[in-house]
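Q: One structure, pasted below without further comment.
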Amino acid sequence: MKKEPRAIPTVSLSAHDGIPMACDRGGHGNTLLLFIHGWTCRRAYWRPQLEYFASSWQVAAPDLPGHGDTGTYGRATWSVETFGNDIAACARQLEAEKVILIGHSMGGPVALEAARVLKNVATAVVLVDAFVIDYGGLDKETIQQIAAPFESDFMAAMEGLVNQTSTDATAEHLKKQLVSEMSSADPSWALPVWHDLLSWNPQAAFDELEIPISAINGALIPESARARCAPFVRETIIPGAGHFLQMEDPEGFNKVLEAVLLRLDS
């Protein structure tokens, strides 16, 4: 039986330092699926997942500070760890008994950092194409090579990033949308986040967390990243999918995520 989409209202939550965060929230149940978007992205990129899973779970997707409808309010520190603290603050305000953190791209590292803060409240993490860059495996020279184009021409580099992380599964209209929306981010916070993300190492989270970590990946994960994650992560691959797999084929992605969640919940 096909699930009917559920209405998902928007509420205001507070980041760990008090910044008001726009958050779409709906559904019901003891377990909250907390969806975390990627760098320069926004909560709307999870809308098909919120509507689908709200029939069986609590669901929520916030805009991180600086992203979407959430402002910066003078924040001085921009890092993966800081965003993790923001997500942990959101989870506490949503008062769920259990939280499964689902992070796309940069949202994966943020989910791992939030799980470290939430301790027993976080029961699982699902990484969605999070290691398309081999975090923990980049030296300083490589980090600078990746960051330099964004420092010299942010909009052009963002277009290049979208193109490089697309496959035949990525529709042209989606690529145009992503370039337009992601390149509109303010480099004054986006570049510090980018540098911190490229320097971020997952090993501390992998060593500390004693909860299931799953990954849903497309076709672009480098083998070095796969090898780094393999001892800690159970991977599911969607063949041929690009980086924004949850937007390329929402229905197909939802079925894969549902199977992962049912496995985690069994």
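The values are calculated or read from the model by the stated rules, or taken from the named source; none is laboratory data. Remember, it's a predicted structure, so these values are computed and weren't measured experimentally. Here Cβ is always computed from backbone atoms with ideal geometry, including for glycine, and neighbour counts include all displayed protein chains.
Q: Answer with yes or no whether Ile221 is touching a residue at least 40 places away in the same chain (Cβ under 8 Å), over 18 Å from Asp129 (Cβ atoms) and of a type in the set (A, V, I, L, M).
A: Against the criterion (touching a residue at least 40 places away in the same chain (Cβ under 8 Å), over 18 Å from Asp129 (Cβ atoms) and of a type in the set (A, V, I, L, M)), Ile221 does not qualify.
Q: I'm told Glu159 meets every condition in (1) assigned to a helix (DSSP H, G or I); (2) farther than 30 Å from Arg116 by Cα; (3) touching an Asp or Glu at 6+ places or on another chain (Cβ under 9 Å); (4) not hydroxyl-bearing (Ser, Thr, Tyr) except one. Can you identify the failing condition by its number?
A: (3)
Q: Based on this model, can you work out whether Asp69 counts as part of a helix (DSSP H, G or I) and at pLDDT 95 or above?
A: So Asp69 fails the test.
Q: Would you pick out the residues in the stretch 70-93 that are surrounded by 18 or more Cβ atoms within 10 Å (Cβ to Cβ) and among the hydrophobic types (A, V, I, L, M, F, W, C)?
A: Trp78, Val80, Phe83, Ile87, Ala88, Ala89, Cys90, Ala91
Q: If you take the residues of the stretch 9-43 that are of a type in the set (Ser, Thr, Tyr) and part of a strand (DSSP E or B), which of them is nearest to Ser79 (Cα to Cα)?
A: Ser14
Q: Suppose we keep only residues that are of a type in the set (Gly, Ala, Ser) and without any contact (Cβ under 8 Å) to a residue 60 or more places away in the chain within the stretch 133-165. Which one would you say is surrounded by the fewest Cβ atoms within 10 Å (Cβ to Cβ)?
A: It comes out as Ser152.
Q: Taking Leu257, is it farther than 30 Å from Gly74 by Cα, in a helix (DSSP H, G or I) and at pLDDT below 95?
A: No: the conditions fail for Leu257.
Q: Only one of these conditions is not met by Trp46: (1) out of contact with any Asp or Glu (no Cβ under 9 Å at 6 or more places or on another chain); (2) of a type in the set (A, V, I, L, M, F, W, C); (3) not in a strand (DSSP E or B). Which number is it?
A: The failed condition is (1).
Q: Now a separate question. Return yes or no: is Ala61 under 20 Å from Glu181 (Cα atoms), part of a helix (DSSP H, G or I) and free of Cβ contacts under 8 Å to residues at least 60 places away in the same chain?
A: no
Q: Those residues that are out of contact with any helix residue (DSSP H, G or I) (no Cβ under 6 Å at 6 or more places or on another chain), assigned to a loop (DSSP other than H, G, I, E, B) and modelled with pLDDT of 95 or more, I need them from the stretch 78-119; list them, please.
A: Ser105
Q: Turning to a different aspect of this structure: Just for the stretch 111-132: of the residues that are surrounded by fewer than 24 Cβ atoms within 10 Å (Cβ to Cβ) and of a type outside the set (Gly, Ala, Ser), which one is farthest from the chain's Cα centre (by Cα)?
A: Asn120
Q: Just to be sure I understand, how many residues within the stretch 168-186 are surrounded by fewer than 16 Cβ atoms within 10 Å (Cβ to Cβ) and in a helix (DSSP H, G or I)?
A: 5
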